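First comes the structure, then the notes that go with it.
The values are calculated or read from the model by the stated rules, or taken from the named source; none is laboratory data. Quick caveat: nothing in here was measured; it's all calculated off a predicted structure. All Cβ positions, glycine included, derive from the backbone under ideal geometry; neighbour counts span all protein chains shown. These accessible areas exclude ligands, DNA and RNA; they are computed on the full protein's heavy atoms, side chains included. Shrake-Rupley method; radii C 1.70, N 1.55, O 1.52, S 1.80 Å.
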Amino acid sequence: MLQLVYISSANPAAPCPTQDILTVSRRNNARDRITGLLYADAGRFLQALEGPEDAVEAAFARIRQDPRHRAIVMLSRRVVDRRAFGHWEMAHRAPGADAAGFLSDVQRLTAEASPEVRGTFEGLVQARALA
Ligand SMILES: Cc1cc2nc3c(=O)[nH]c(=O)nc-3n(C[C@H](O)[C@H](O)[C@H](O)COP(=O)(O)O)c2cc1C
């Protein structure tokens, strides 16, 4: 099983309807047996995708061409024995959201992930809460 983690910036020229991403991703990822976590706020995305290698590669090929984000940087790419995320979830941080509550949601969603992946999500959430 392949696990990818990337970070990207929302494209300000293409205001991002996160609800649309959520709906399509839920449908496609359930079909393709992809699990993971998408962190989204007004400016950044951080996503972990895991599942059968071909399916993850195909999903990432679509995602990386999506004009709703840019400056996509792959943070890790590795073969894993078991899933770190039981489902596919999106954690959307709305402006003014309760920072501590949001962090604890993300900690819950990354509880089974490796320390590196968990730390990457927590670090971004904490940095963005201060931004
Ligand atoms: C930040 C971001 C994350 C996305 N994550 C997923 C995803 O996990 N799965 C997915 O199928 N599409 C995802 N998409 C949408 C894809 O870029 C693409 O629009 C979609 O897969 C096309 O699906 P369709 O061919 O069924 O219309 C994401 C888009 C963005 C901007």
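Considering only residues that are part of a loop (DSSP other than H, G, I, E, B) and either in contact with a Leu (Cβ under 6 Å, 6 or more places away or on another chain) or within 10 Å of the ligand (Cβ to nearest atom) (or both), which ones fall in region 18-42? Give the derivation first.
Restricting attention to region 18-42, the residues satisfying the condition of being part of a loop (DSSP other than H, G, I, E, B) are 33-34, 41-42.
Correct list: Ile34 only.
Out of all the residues in region 71-86, is one or more surrounded by 16 or more Cβ atoms within 10 Å (Cβ to Cβ) and away from the ligand (no atom under 12 Å from the Cβ)? Explain how you work it out, then say what you get.
Filtering region 71-86 for residues surrounded by 16 or more Cβ atoms within 10 Å (Cβ to Cβ) gives 72, 83-85.
Those left that are additionally away from the ligand (no atom under 12 Å from the Cβ): 83-84.
Within region 71-86, one or more residues are surrounded by 16 or more Cβ atoms within 10 Å (Cβ to Cβ) and away from the ligand (no atom under 12 Å from the Cβ).
If Gly86 satisfies every condition in (1) of a type outside the set (Ser, Thr, Tyr); (2) within 22 Å of Asp32 (Cα to Cα); (3) assigned to a helix (DSSP H, G or I) but one, which is the exception?
(3)
If I go through region 1-17 residue by residue, how many of them are part of a strand (DSSP E or B), under 24 Å from Ala113 (Cα atoms) and of a type in the set (A, V, I, L, M, F, W, C)?
4
Got a sec? Which of Arg26, Arg118, Arg31 is open to solvent by 40 Å² or more (accessible area, probe 1.4 Å) and within 20 Å of Ala129 (Cβ to Cβ)?
Matching residue, one of Arg26, Arg118, Arg31: Arg118.
Among the residues in region 41-55, are any of a type in the set (Gly, Ala, Ser), closer than 21 Å to Pro115 by Cβ, surrounded by 14 or more Cβ atoms within 10 Å (Cβ to Cβ) and touching a residue at least 60 places away in the same chain (Cβ under 8 Å)? Full working, then the answer.
In the first step, residues of region 41-55 are kept if they are of a type in the set (Gly, Ala, Ser); the result is 42-43, 48, 51, 55.
Those still in the list that are closer than 21 Å to Pro115 by Cβ too: 48.
Then drop every residue that is not surrounded by 14 or more Cβ atoms within 10 Å (Cβ to Cβ), which leaves 48.
Retained after the next criterion (residues that are touching a residue at least 60 places away in the same chain (Cβ under 8 Å)): 48.
Checking region 41-55: at least one residue is of a type in the set (Gly, Ala, Ser), closer than 21 Å to Pro115 by Cβ, surrounded by 14 or more Cβ atoms within 10 Å (Cβ to Cβ) and touching a residue at least 60 places away in the same chain (Cβ under 8 Å).
Name the residue, out of Ala100, Ala13, that is at pLDDT below 95 and under 22 Å from Gln126 (Cα atoms).
Answer to the selection: Ala100.
For region 1-20, name all the residues that are polar (S, T, N, Q) and either under 14 Å from Ala71 (Cα atoms) or open to solvent by 40 Å² or more (accessible area, probe 1.4 Å) (or both).
Correct list: Ser8, Ser9, Asn11, Gln19.
Phe60 - would you say it is within 19 Å of Tyr6 (Cβ to Cβ), touching a residue at least 24 places away in the same chain (Cβ under 8 Å) and within 10 Å of the ligand (Cβ to nearest atom)?
Judged against the criteria, Phe60 is a match.
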